[in-house]
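Below: the structure, in structure tokens.
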Amino acid sequence: MIQIKKVLLINTHLTYPNWSEGVLNDAFNQKAKDFFGGNQLEVLETKIEDGYNVDEEVEKHMQADIIILQTPINWFGTPWIYKKYIDEVFNSGLHSGKFLSGDGRTREDASKQYGTGGKLQGKKFMVCATWNAPKASFNDPDQVLFKGRSTEDILIQITSNYLFCGVEIVPDYNCFDIFKDGDIAGDLENYPKHLKKIFDLD
């Protein structure tokens, strides 16, 4: 019997009444849920703002083949509740030995690099992010703020947690310029195409 793959969708939007209600991030999360469900994958979900159990989140990570973080980029990072989530869940995964065994280095073998002690090989992690920043502000050394950096560069403080634990990082998906001149409808429409390509699903 073929084992059905599982995907974990983590929505870390934090509601600010009358300013940021989470509708857009919920819409992207639903697109992913519909896509994976339509491809016969079991979907696990966590909406951090609604609360979570740390031990259950560790087990969800252990079960999932694919993990997707849905997040707004607020002040160039995720909402603060996501850092709390990571600290709690990944510390539990460290102490239990389920996520990793040390940082990879050993005194016996100096060639062992920092960040090679992870136990979550075979899993894939992706970020789907909503930005006020326009697409043109990335990958252009003439831009004042990011100075040629990519979204991958800016998101490294998120993806490194997973890479440290042995998870493969796959290309992110982004919805840019959401308050002024973005193509939100087009980005939502194209999201399943990105998922299909990245995860090689029909």
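On the first, second and third principal axes, largest extent first, how far apart are the outermost C-alpha atoms of the stretch 36-166 in Å?
45, 43, 30
By how many nm would the segment from residue 55 to residue 26 lengthen if fully extended, with 0.36 nm per residue of separation less the alpha-carbon distance?
8.0 nm
Take the residue pairs 124/147; 135/193; 124/196; 84/112; 6/193; 6/83 and return only those whose Cα atoms are more than 21 Å apart.
Those over the limit are 124/147; 84/112; 6/83.
Give the separation of the Cα centroids, the stretch 77-99 to the stretch 160-202, in Å.
Cα centres, the stretch 77-99 to the stretch 160-202: 22 Å.
State, to one decimal in nm, how far the label point of residue 139 lies from the label point of residue 157, with both points 7 Å from Cα in the Cβ direction.
Here the modelled spin labels are 2.4 nm apart.
If you add up the charges near residue 65, with Lys and Arg at +1 and Asp and Glu at -1, over every other residue whose beta carbon is less than 9 angstrom from its beta carbon, what do you get?
Around residue 65, the charge tally is +4.
Tell me the angle of helix 80-95 to the major Cα principal axis of the chain, expressed in degrees between 0 and 90 and rounded to the nearest ten.
10
Here, each number is a calculation from the coordinates, and none is a lab measurement. Computed from a prediction, not measured in an experiment: that's the story for all the values here. Cβ sites come from the backbone with ideal geometry, for glycine too, and all protein chains shown count toward neighbours.
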